[in-house]
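A.B. asks: My questions will all concern the structure given below.
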Amino acid sequence: EEEEAVLGVAGSILWLAIITVVIGLLSEYMVDALEDAAEGWGVPNLFLGAIIIPIVGNAAEHAAAIIFAVKNKMELALGIAVGSSIQIGVFCVPLLCVFAWSIDIELSLNFGLFECLTYLITALIVGAIITSGQSNWLQGVVLITGYAFVSAAFFVHADPPELASHAEHHHE
């Protein structure tokens, strides 16, 4: 039996646009509030941008992935969790770099060695775990422990002095 559509195409597009604008404004407010709190607590910007903001910003997505995993719909849960990361890395970040270039703001994909190695190792671990198509509690513990290590590393990481001065030089 087919469900009757609640909204037509035009109504759906209108509501999508309205909700997108509202979420954009709320996201800006959230990031400003987190930046102020992080500055007061001495939390590094790298940790804030790579760990805290993605967790808070994608809370609904994480909840959906957990709900589908509890219902044993692992393919859908993995699609939500991994697909979102791929979408950000392959589409959103390069798009933002092109957009920043078009409005004369310096933003590049020139990540440091620490960030590149962290992302590479993380991708290899996640890839190795999800290729079998099955999971167990130990693999979940490995992923959570890995996330804790990555979070701790991003919290304590500081660029070497020569890289920090190089970055400051480019921002002036």
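A.B. asks: List, please: which pairs have Cβ atoms under 9 Å, are six or more places apart or on different chains, and start with a residue in segment 32-51 that is closer than 22 Å to Phe114 by Cβ and end with one that is open to solvent by 50 Å² or more (accessible area, probe 1.4 Å) and in a loop (DSSP other than H, G, I, E, B)?
C.D. replies: Hits for this filter: Pro44/Ala158; Leu46/Ala158; Leu46/Asp159.
A.B. asks: Between a first residue in segment 64-78 that is farther than 14 Å from Ile130 by Cα and a second residue that is of a type in the set (A, V, I, L, M, F, W, C), which pairs have beta carbons less than 6 Å apart while being 6 or more apart in sequence or on different chains?
C.D. replies: What qualifies is Ala64/Ile80; Ala65/Ala77; Ala65/Ile80; Ala65/Ala81; Phe68/Leu76; Phe68/Ala77.
A.B. asks: Is it the case that Glu28 is of a type in the set (D, E, K, R) and within 18 Å of the chain's Cα centre (by Cα)?
C.D. replies: Yes.
So that you can scan it fast, the table gives a plain yes or no per residue for (1) at pLDDT 85 or above; (2) over 17 Å from the mean Cα position of the chain (by Cα); (3) part of a helix (DSSP H, G or I):
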{"position": "Leu34", "(1), (2), (3)": "no, no, yes"}
{"position": "Val82", "(1), (2), (3)": "no, no, yes"}
{"position": "Ser85", "(1), (2), (3)": "no, no, yes"}
{"position": "Phe91", "(1), (2), (3)": "yes, no, yes"}
{"position": "Pro94", "(1), (2), (3)": "yes, no, yes"}
{"position": "Phe99", "(1), (2), (3)": "yes, yes, yes"}
{"position": "Glu106", "(1), (2), (3)": "yes, yes, no"}
{"position": "Leu120", "(1), (2), (3)": "yes, no, yes"}
{"position": "Ala128", "(1), (2), (3)": "yes, yes, yes"}
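The values are calculated or read from the model by the stated rules, or taken from the named source; none is laboratory data. Model, not experiment: these values are computed from the prediction. Glycine gets a Cβ as well: all are built from the backbone with ideal geometry, and neighbour counts include every protein chain shown. When the accessible area is computed, the model is the full protein with side chains, heavy atoms only, and any ligands, DNA or RNA have been set aside. Shrake-Rupley method; radii C 1.70, N 1.55, O 1.52, S 1.80 Å.
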